[in-house]
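Right, one structure below, let's go through it.
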There are 2 protein chains.
Amino acid sequence: MARPSQFRESDVLTRAMLVFWQHGFAGTSVRHLEQATGLTASSLYNRFDSKEALFASVLDHYIIKVVQWRIDRYLCADDALAGLRRFFDSTYDYISQQRPPMACLLANTALEKSATDLAVRAQLDRGLALLEDAFADCLQRAVQAGQLRADCDCSRWARHLLLCLQGVLVDSTIHPDHARLSELVDGVMAALPLLQH
Amino acid sequence: MARPSQFRESDVLTRAMLVFWQHGFAGTSVRHLEQATGLTASSLYNRFDSKEALFASVLDHYIIKVVQWRIDRYLCADDALAGLRRFFDSTYDYISQQRPPMACLLANTALEKSATDLAVRAQLDRGLALLEDAFADCLQRAVQAGQLRADCDCSRWARHLLLCLQGVLVDSTIHPDHARLSELVDGVMAALPLLQH
DNA sequence: TTCATTTTGTATCGATCGTTACAAAATGGA
DNA sequence: TCCATTTTGTAACGATCGATACAAAATGAA
């Protein structure tokens, strides 16, 4: 057998993820990744083939560790609409608790790289499809719970919510202001086909 | 007197704008700017002080030549709601007619640089405030024309529209699909407090 | 203990990064 | 025509880019 690695791949991906998340792909250097992960360039290139390949692994890691985690945490709550509301509200905590604030690796990557890199675009599409499906399921449960009108087109509203989420991420970067975000989310929630009691 | 410039600053800013728009700030090199503008690095650094300063000038140029132009073109139409609809629809033409597609320099810059660069964030805020005010004016005219309910809070809906626009820009980069965008814009317009006839 | 195999640390590769020094070229005023 | 001033082209600066060559270190199998 051979010499074993002195790191866990998941830890390295998490640390690299934070760097790419904050500085973007072009703004992140291999030196910076060495410092953040504690590995040498040799080890990084031995495990991952290139900066591009590492970034692809980081995108997958983000989808699992951040996107899916937030879906499970908020969009599967018993009270579907309350969970949805908390999901949107929590984006502000997520953004503002970082120094400097970081919106979303998927949205950042979409605007930096997806236009020219089809493989990256496919990864982003997969991550956003997870969110869109989770929104649709959440809305469907809200319909069944009598929170939304029975004729609510959950698939279309799910795409609308995904649109609003991406908008929130951009807006929160320019206006890192909780009151503004909260008012915006009020508007997003109020636009849903609510069932009045 | 001195030797005159052999270029018009506005032309240089337009050409540099397209490069930054497509590749981002970190992804754009001075060599690339030389090629796109036809100027040497000497002339670029003689007129602008640095890559950062050139980028700041480019942002101002974008706000005037793209943002304000699109406001004048669409959001000042006689039929306010129809103009608003065409404004959103036109984002797809704007994105898809470029090879590769380019969303919006303001949104791109927001996610790439605004978190760490306060001067840039202030510029973006100014550009987006132009849009927000134009949305509010447009909605106000729609109210006066009897297209929207009289109790419509135009300022809040203007912020909501800005949110949706930023979402459209991110989404269109990942899904450059006219039908999808059109359906999303349907949802955005339908959410407005329309006055039924 | 020897060996095949993989990881690690060091040191550096050629290319490109943003930026600048310097002199020739181009102007209107004296 | 000569001068002061600014722009331009050439050439290159030190720093950093992504990536790699190479040998020492570390493992389990034989």
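If you check B:96, B:50, B:5, B:57 for being over 30 Å from residue A:28 (Cβ atoms) and small (Gly, Ala, Ser), only one passes: B:5.
Residues of segment A:140-167 that are within 14 Å of another protein chain (Cβ to nearest Cβ), small (Gly, Ala, Ser) and surrounded by fewer than 18 Cβ atoms within 10 Å (Cβ to Cβ): A:155 alone.
Does residue A:88 meet the test of being in contact with a Ser or Thr (Cβ under 8 Å, 6 or more places away or on another chain), away from DNA strand C (no atom under 16 Å from the Cβ), modelled with pLDDT of 95 or more and within 27 Å of residue B:116 (Cα to Cα)? Taking the combined requirement at face value, the residue does not satisfy it. Sub-9 Å Cβ pairs linking a first residue in segment B:1-20 that is within 14 Å of another protein chain (Cβ to nearest Cβ) and more than 10 Å from DNA strand D (Cβ to nearest atom) to a second residue that is aliphatic (A, V, I, L, M) and not in a helix (DSSP H, G or I), at least 6 apart or interchain, are B:18/B:102, ordered by first then second residue.
Scanning segment B:1-33 for residues that are of a type in the set (D, E, K, R), near DNA strand C (Cβ under 8 Å from one of its atoms) and in a helix (DSSP H, G or I) returns a single hit, B:31. None of B:79, B:60 is of a type in the set (D, E, K, R), away from every other protein chain (no Cβ under 13 Å), over 15 Å from the mean Cα position of the chain (by Cα) and away from DNA strand C (no atom under 16 Å from the Cβ) except B:79.
Each residue in segment B:21-49 was checked for being away from chain A (no Cβ under 14 Å), within 10 Å of DNA strand D (Cβ to nearest atom) and surrounded by 15 or more Cβ atoms within 10 Å (Cβ to Cβ), and 6 pass. Of the residues making up segment B:114-131, just one is within 9 Å of chain A (Cβ to nearest Cβ) and basic (Lys, Arg), namely B:121.
Looking at residue B:52 and the list (1) within 14 Å of chain A (Cβ to nearest Cβ); (2) among the charged types (D, E, K, R); (3) in a helix (DSSP H, G or I); (4) more than 16 Å from DNA strand D (Cβ to nearest atom), which single condition is not satisfied? Going through (1) within 14 Å of chain A (Cβ to nearest Cβ); (2) among the charged types (D, E, K, R); (3) in a helix (DSSP H, G or I); (4) more than 16 Å from DNA strand D (Cβ to nearest atom) one by one, residue B:52 breaks only (4). Figure legend. Inter-residue proximity from segment A:40-61: first residues free of Cβ contacts under 8 Å to residues at least 12 places away in the same chain, second residues within 13 Å of DNA strand C (Cβ to nearest atom) and of a type in the set (D, E, K, R), beta-carbon distance below 7 Å, spacing 6+ or different chains. Indicated pairs: A:40/A:34; A:41/A:34. The listed residues are B:119, B:103, and the only one of them that is surrounded by fewer than 23 Cβ atoms within 10 Å (Cβ to Cβ) and either among the charged types (D, E, K, R) or within 21 Å of the chain's Cα centre (by Cα) (or both) turns out to be B:119.
Could you please find all residues in segment A:87-109 being without any contact (Cβ under 8 Å) to a residue 24 or more places away in the chain and either closer than 21 Å to residue B:168 by Cβ or facing chain B (nearest Cβ under 9 Å) (or both)? Hit for segment A:87-109 is A:87, nothing else.
The values are calculated or read from the model by the stated rules, or taken from the named source; none is laboratory data. Note that the structure is a prediction, hence the values are computed from the model and not measured. Don't worry about glycine lacking a Cβ; one is built from the backbone with ideal geometry, like all the others, and counts go over all protein chains shown.
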